[in-house]
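Asks: First, the structure itself, so that you have it in front of you.
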Amino acid sequence: MTDTNGHDASIARLGSAIGQIKEQLSRVIVGQNDVIEQMLIALFARGHCLLEGVPGLAKTLLVSTLARSLNLTFSRIQFTPDLMPADITGTDIIEENRSTGQRDMRFLAGPIFSHVILADEINRTPPKTQAALLEAMQERQVTVGRIRHQMSDPFLVLATQNPIEQEGTYPLPEAQQDRFMFKVIVTYPSFQEEFEVARRTTGGAAEQVEAVLSPDEIRQLQDLVRAVPISDHLIRYTLALVRQTRVREEGVPEFTRDQLAWGAGPRATQFLILGAKARALVYGRPHVALEDIRALAKPVLRHRIVVNFAAESDGITSDHIIDQLLDVTPTHENELINDGRFQKIFAS
């Protein structure tokens, strides 16, 4: 009974904290509720986010404000064509002890050694520097020389890219995009939201943001996410969504074969389930529901499936294909198990 009470108390604490975080962010940020929710889910699921949107949508302000509301350290790295890996990871320097005259090597940590990293315009830097983020994101460490240095914990990378200007950019390879739990689309505000932005940002008052959670509390809530139960049916449903994107597999729908060049790998399934567990807690539920899987299908899958040239020329996007997948995948367990097409998928 004690464990159950403790579990329920932790869920209640997370729900309360989420409400407080959103309240703090609303003091500075107008709208962008879906973006904020997906960033928080990624944080509690120990994932990372790729943010895509045109300039001027307050992406930097949103990330820095989130870090302040969570009492986390924050670094913004502006990615440019001349940025080198050592500029973000740090480097070894020779330091002289003035009293003894002895010289020693000392590691000078780069900006990546913070809790929250904003990798601004990540597609403007060469692949060598982009790849420097990979070890940090996946292994939560960086290797300089022969020494491994552990990242901060918690550790969240939020990378932005501009979808408009492609000249002089280095698009992220699919393997690197796959490291990001979510690809989040930051859209224009509504009229009323932009009206409020104009009113706030042209005045003199500056709102203060208060810290809601400590790093220790965030780590406890991240551990709680892993303990959230999920039924076999929802795992099977998640696999059905992901495996239908693989054009060479048995049982995939015709529109997948016609419109996709490549499908999502196993990491999509893992992130979809972990994200669903975190979203369940965010909404105060002790277990995963179908709506959690469906709500996160687009941010998890949109950067893991590759639309072929013919479909792209017809204006079809990965989001359109994900909508079709959600439409053709039965939600009830008996329908899913007994469907002949899905029996082929589960047998392959």
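The values are calculated or read from the model by the stated rules, or taken from the named source; none is laboratory data. All of these numbers come straight from a predicted model, not from anything done at the bench. Because the Cβ atoms are built from the backbone with ideal geometry, glycine has one as well, and the counts that use them run over all protein chains shown.
Asks: Assigned by TED's automatic domain parsing to the domain that holds HIS48, of a type outside the set (D, E, K, R) and surrounded by 19 or more Cβ atoms within 10 Å (Cβ to Cβ): is that true of VAL288 in this structure?
Replies: Details: assigned by TED's automatic domain parsing to the domain that holds HIS48: no; of a type outside the set (D, E, K, R): yes; surrounded by 19 or more Cβ atoms within 10 Å (Cβ to Cβ): yes.
Taking the combined requirement at face value, the residue does not satisfy it.
Asks: Right, another one. Output the number of the condition that ARG98 fails; it satisfies all remaining conditions of (1) over 30 Å from GLU196 (Cα atoms); (2) touching a residue at least 24 places away in the same chain (Cβ under 8 Å); (3) out of contact with any Asp or Glu (no Cβ under 7 Å at 6 or more places or on another chain); (4) not acidic (Asp, Glu).
Replies: Failing condition for ARG98: (2).
Asks: Also, quick follow-up: Restricting to region 16-36, what's the tally of residues that are in contact with a helix residue (DSSP H, G or I) (Cβ under 8 Å, 6 or more places away or on another chain) and either buried (at least 20 other Cβ atoms within 10 Å of the Cβ) or farther than 15 Å from VAL282 by Cβ (or both)?
Replies: 12
Asks: Separate question: Within region 295-322, can you find the residues that are in a helix (DSSP H, G or I), hydrophobic (A, V, I, L, M, F, W, C) and in contact with a strand residue (DSSP E or B) (Cβ under 7 Å, 6 or more places away or on another chain)?
Replies: To start, the set of residues in region 295-322 that are in a helix (DSSP H, G or I) comprises 295-301, 309-313, 318-322.
Now drop any that are not hydrophobic (A, V, I, L, M, F, W, C), which leaves 295-297, 300-301, 309-311, 321-322.
Selection gives VAL300, ILE321.
Asks: I need the strands (runs of 3 or more DSSP E) fully contained in region 59-176, keeping only those with at least 1 residues that are in contact with a helix residue (DSSP H, G or I) (Cβ under 6 Å, 6 or more places away or on another chain) and under 24 Å from VAL28 (Cβ atoms). Spell out the reasoning first.
Replies: On the way: elements: 74-78, 90-96, 103-109, 116-120, 141-144, 147-150, 156-161.
It comes to 74-78, 116-120, 156-161.
Asks: Would you confirm whether or not region 194-213 contains a residue that is part of a helix (DSSP H, G or I) and closer than 26 Å to ALA276 by Cα?
Replies: Of all residues in region 194-213, those part of a helix (DSSP H, G or I) come to 194-201.
Filter again for closer than 26 Å to ALA276 by Cα, leaving none.
There is no residue in region 194-213 that is part of a helix (DSSP H, G or I) and closer than 26 Å to ALA276 by Cα.
Asks: In addition: Restricting to region 163-178, name every residue that is among the aliphatic types (A, V, I, L, M), surrounded by fewer than 16 Cβ atoms within 10 Å (Cβ to Cβ) and modelled with pLDDT of 75 or more.
Replies: Step one: filter region 163-178 for residues among the aliphatic types (A, V, I, L, M), giving 164, 172, 175.
Pick out the ones that are also surrounded by fewer than 16 Cβ atoms within 10 Å (Cβ to Cβ) and you get 164, 175.
Residue satisfying the conditions is ALA175 alone.
Asks: Under the condition of being at pLDDT below 90 and in a loop (DSSP other than H, G, I, E, B), which residue from region 323-348 is surrounded by the fewest Cβ atoms within 10 Å (Cβ to Cβ)?
Replies: Among those residues, the one meeting the criterion is SER348.
Asks: Could you tell me whether any residue of region 207-221 is surrounded by fewer than 17 Cβ atoms within 10 Å (Cβ to Cβ) and touching a Gly at 6+ places or on another chain (Cβ under 9 Å)?
Replies: Checking region 207-221: not a single residue is surrounded by fewer than 17 Cβ atoms within 10 Å (Cβ to Cβ) and touching a Gly at 6+ places or on another chain (Cβ under 9 Å).
Asks: Working only within region 225-276, note down all residues that are surrounded by fewer than 16 Cβ atoms within 10 Å (Cβ to Cβ), more than 30 Å from ALA9 (Cα to Cα) and small (Gly, Ala, Ser).
Replies: Across region 225-276, the qualifying residues are ALA261, GLY265.
Asks: Right, next: Between a first residue in region 159-182 that is under 14 Å from GLN138 (Cα atoms) and a second residue that is modelled with pLDDT of 80 or more and among the basic types (Lys, Arg), which pairs have beta carbons less than 8 Å apart while being 6 or more apart in sequence or on different chains?
Replies: Qualifying pairs under 8 Å: GLN177/LYS183; GLN177/ARG304; ASP178/ARG267; ASP178/ARG304.
Asks: Filter region 269-289 down to residues that are in a helix (DSSP H, G or I) and among the small types (Gly, Ala, Ser) and give me whichever is farthest from the chain's Cα centre (by Cα).
Replies: First, the residues of region 269-289 that are in a helix (DSSP H, G or I): 269-282.
Checking the rest, the ones that are also among the small types (Gly, Ala, Ser) come to 275-276, 278, 280.
Working: GLY275: 9, ALA276: 13, ALA278: 12, ALA280: 16 Å.
The extreme case among them is ALA280.
Asks: Can I ask one more? Looking for something at pLDDT 80 or above, within 25 Å of PRO299 (Cβ to Cβ) and within 18 Å of the chain's Cα centre (by Cα) - is there at least one such residue anywhere in region 77-95?
Replies: Within region 77-95, one or more residues are at pLDDT 80 or above, within 25 Å of PRO299 (Cβ to Cβ) and within 18 Å of the chain's Cα centre (by Cα).
Asks: Hey, can you tell me all the residues within region 129-173 that are of a type in the set (D, E, K, R) and over 30 Å from GLN220 (Cβ atoms)?
Replies: Going through region 129-173, the residues of a type in the set (D, E, K, R) turn out to be 135, 139-140, 146, 148, 153, 165, 167.
Answer for region 129-173, where residues must be of a type in the set (D, E, K, R) and over 30 Å from GLN220 (Cβ atoms): ARG146, GLU165, GLU167.
Asks: Let me ask another. Could you check region 225-254 and list, in sequence order, the residues that are more than 22 Å from ALA42 (Cα to Cα), without any contact (Cβ under 8 Å) to a residue 60 or more places away in the chain and outside any helix (DSSP H, G or I)?
Replies: Selection gives ARG246, VAL247, ARG248.
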